[in-house]
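This is the structure I have questions about; it appears just below.
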Amino acid sequence: MSTSTAPTADAPPAGLGLSLRTLQQTPTPALEAALGVRLLPSVLRYDPTRGLAPLWSADATWLDLCETTTAHHDHAPVRAARWPDAWSVTYNDAEGEHTVSVREVEPTDLIDADPIRNSTWHANSRARAGLHFMASTERLHWHESLFERELLITLDFDEGLNDLASQPFTLTWHDGSAWKSHTPDFAAVIDGEMWIINVRPAPLVKPQLLANAAATRTVCALHDWREALVVGYQQPALTILKTIGAARRTADLAGVGGLMLDFLAERGPSRFGQVVAATGAPALARAVLQRLIWEREVTIDLSRLLTDETVVALTEVLA
């Protein structure tokens, strides 16, 4: 005679072949242990009933697509009299590792730097590191998590992105009682301005990150650079960017892109489904039209889900 015992509160599920009800009732720590991932609190990211203002893709910047915080602005570090000479920046390039004071560092040192650290993915890793190709730079860029990769997608869509470096340097700074170190996630040149960007999901923003971001902001102010702490992304805009970004290299050997542009010039703003149907090759036309959205030749409202009912217009029509 066999007996079965109910799993304890801390016991992980025996496998993934479990009912949805069982998974829902399993404590979060047990699920994390079984799946090898970190589960963030549930957040409603998109509510189609909200009265959002239109966000036209042709005009959208990366800051329109990201959720940023200013929580670190109130965490200004205690600075000694000669702090720009005491605080330092360490970065890597083809010649090796360099350490200079924050007063001496040049933006070109950082934007041309190799990642100061490289993570490797393994079976028990809770963050998915990797390389992401960006059309704007025509290079692969390192990211330490999928959340960071999403920033690369939004930056890639911004027409103003000039260059980007991942994990470009480590800042060593003093908080008034002890030395601290921090590696920002990205350095970018956008519309000719230097940006230092930290990236962390809002539920994972801790006091130490706010202190590190405040120190980064202090260094940026010294050099008239800009900084941001990204804690989320606008939905459904990010999902749409992922969709159209996958089609950005679609070849248009049949010339359906020109047919769709002519259709919009003649008919004016039209539904996505109508535009692709007018070509006689809707399967190809869907991919090409998504590429035209990515290239900003046509525009859509990123605050609404992309469907056949989505209104598509020539960019100059809504300029």
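Of all residues in segment 75-108, count the ones that are within 21 Å of Val189 (Cβ to Cβ) and touching a residue at least 12 places away in the same chain (Cβ under 8 Å).
11
Looking for whichever is loosely packed, with under 15 Cβ neighbours inside 10 Å and at pLDDT below 95 here; the options are Ala221, Ala251, Ala247, Ala265. Which one fits? Break it down stepwise before answering.
On the way: Ala221 fails: at pLDDT below 95; Ala247 fails: loosely packed, with under 15 Cβ neighbours inside 10 Å; Ala265 fails: at pLDDT below 95.
Step by step, each of Ala221, Ala251, Ala247, Ala265 is checked, and only Ala251 is loosely packed, with under 15 Cβ neighbours inside 10 Å and at pLDDT below 95.
Here is a yes/no grid of residues against (1) touching an Asp or Glu at 6+ places or on another chain (Cβ under 9 Å); (2) farther than 19 Å from Thr310 by Cβ; (3) modelled with pLDDT of 95 or more:
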site	(1), (2), (3)
Val230	yes, yes, yes
Ala237	yes, no, yes
Gly273	yes, no, yes
Gly280	no, yes, no
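Right, here's the next one. So which residues in segment 190-200 are crowded, with 18+ Cβ neighbours inside 10 Å and either touching a Pro at 6+ places or on another chain (Cβ under 8 Å) or outside any strand (DSSP E or B) (or both), if there are any at all? Walk me through it before giving the result.
Within segment 190-200, the first condition is being crowded, with 18+ Cβ neighbours inside 10 Å, and the residues that meet it are 190, 194-200.
Residues satisfying the conditions are Met194, Ile196, Ile197, Asn198, Arg200.
Can you tell me which of (1) closer than 23 Å to Ile293 by Cα; (2) at pLDDT below 95 is the one Cys66 doesn't meet?
Only one criterion is unmet by Cys66, namely (2).
Okay, next question. Out of Glu148, Glu95, Glu138, which single residue is among the acidic types (Asp, Glu) and over 20 Å from the mean Cα position of the chain (by Cα)? Reasoning before the result, please.
Values: Glu148 fails: over 20 Å from the mean Cα position of the chain (by Cα); Glu138 fails: over 20 Å from the mean Cα position of the chain (by Cα).
Step by step, each of Glu148, Glu95, Glu138 is checked, and only Glu95 is among the acidic types (Asp, Glu) and over 20 Å from the mean Cα position of the chain (by Cα).
Of a type in the set (Ser, Thr, Tyr) and either modelled with pLDDT under 95 or in the same structural domain as Phe169 (by TED's automatic domain parsing) (or both): is that true of Thr299 in this structure?
Working: of a type in the set (Ser, Thr, Tyr): yes; either modelled with pLDDT under 95 or in the same structural domain as Phe169 (by TED's automatic domain parsing) (or both): no.
No: the conditions fail for Thr299.
The values are calculated or read from the model by the stated rules, or taken from the named source; none is laboratory data. Because the structure is predicted, anything quoted here is derived from the model rather than measured. Virtual Cβ from ideal backbone geometry, glycine too; neighbours counted across all protein chains shown.
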